[in-house]
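Participant: Would you mind keeping the following structure in view while I ask a few things?
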Amino acid sequence: MPKFVWTDYGKIIGPVGVALYTMLAGYTGSKRDCWPSIPSMAKSIGVDERTAKKYLAIMVEVGLVRIMQ
């Protein structure tokens, strides 16, 4: 994981956000994209779906990740 994630965003996204980012980074391909479902993300980091959605929204809001449909 790039150092900037915890130095620049750690206080904003907290440990759950860092865990979620790390999980997403593990899913990324060569184009730096990934498509895990909310249930899959939540299960991977040991939180409920509502919590995963909350922290994903925070990461989108601060520009750390983006959601494409």
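Participant: Scan the stretch 45-69 for residues that are surrounded by 17 or more Cβ atoms within 10 Å (Cβ to Cβ) and over 11 Å from the mean Cα position of the chain (by Cα) and report the count.
Facilitator: Summing the residues that are surrounded by 17 or more Cβ atoms within 10 Å (Cβ to Cβ) and over 11 Å from the mean Cα position of the chain (by Cα) in the stretch 45-69 gives 1.
Participant: With the requirement that a residue be over 16 Å from GLY63 (Cβ atoms), charged (D, E, K, R) and assigned to a loop (DSSP other than H, G, I, E, B), what does the stretch 1-32 give you?
Facilitator: LYS31
Participant: Among the residues of the stretch 1-19, what is the count of those that are surrounded by 15 or more Cβ atoms within 10 Å (Cβ to Cβ) and either under 19 Å from GLN69 (Cα atoms) or in contact (Cβ under 8 Å) with a residue 40 or more places away in the chain (or both)?
Facilitator: Total meeting the criteria: 4.
Participant: Select, from ILE38, ILE58, the only residue that is touching a residue at least 24 places away in the same chain (Cβ under 8 Å) and of a type in the set (A, V, I, L, M).
Facilitator: Within the list ILE38, ILE58, the selection yields ILE58.
Read-outs: derived from the displayed coordinates by stated rules, not from any lab. Not measured: the values here are computed from a predicted model. Counting neighbours? That spans all protein chains shown, and the Cβs are built from the backbone with ideal geometry, glycine included.
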